[in-house]
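Take a look at the structure below.
The values are calculated or read from the model by the stated rules, or taken from the named source; none is laboratory data. Being a predicted model, the structure only gives us computed values, none of them experimental. Heads up, the Cβs are rebuilt from the backbone with ideal geometry, glycines too, and the neighbour counts pull from every protein chain shown.
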Amino acid sequence: MVGNISTDNEKLASTKSLMQLFKSPHFWTGVLLSAGTTFSLTLLILDKFHESSLRESKTGYEISLAKLEAKNVAKDEELKRRDWEYKKLKTSFDELTKSQLSIKEQYHSSLERHYRYCKEQMRRIKLSTSAYESMKQVIQFDTPQSPIENALYNIYVEAYKCVDRFEN
């Protein structure tokens, strides 16, 4: 028990000395200085973390910006390629249209020439039929008698069929 009392007395004495230290202005100056130093160190560490975070954010932003610029460049190239293809197709289409118009004009020209040729042939057939009619009246036959008359009659019938078909 005696041992316990001595330790209790020592504890009491050390507590009293600590209490006196707490009351001393040097203690409070030390406490304030250490608190200020701790606060300053904390601010310094937080500032370094903040700078590091800002650098990472800036780097991330620059990477994102570079990716966006790369996408924009790729889209611009795609648009230029599509524009070139469109111009090429438009040129080809214009050339095809000109070619089609040329072919159409040639076709109409050929059709017109063929129509004039057919018209001339019709005129000749009509002349031939009128000549046959005249000859028929001169010869005075309704049904062919000789081979020449038979041939002339066949020509007349075919010519008449052609005239009817063309006029219809």
For this session: Look at His50 and say whether it is in a helix (DSSP H, G or I) and loosely packed, with under 10 Cβ neighbours inside 10 Å.
Result: no
Exercise. Just wondering, is there one or more residues in the stretch 6-26 that are in a helix (DSSP H, G or I), modelled with pLDDT of 80 or more, of a type outside the set (A, V, I, L, M) and under 51 Å from the mean Cα position of the chain (by Cα)?
Worked result: no
For this session: Examine the stretch 85-108 for a residue that is modelled with pLDDT of 90 or more, under 23 Å from the mean Cα position of the chain (by Cα) and among the aromatic types (Phe, Trp, Tyr), and state whether such a residue exists.
Result: yes
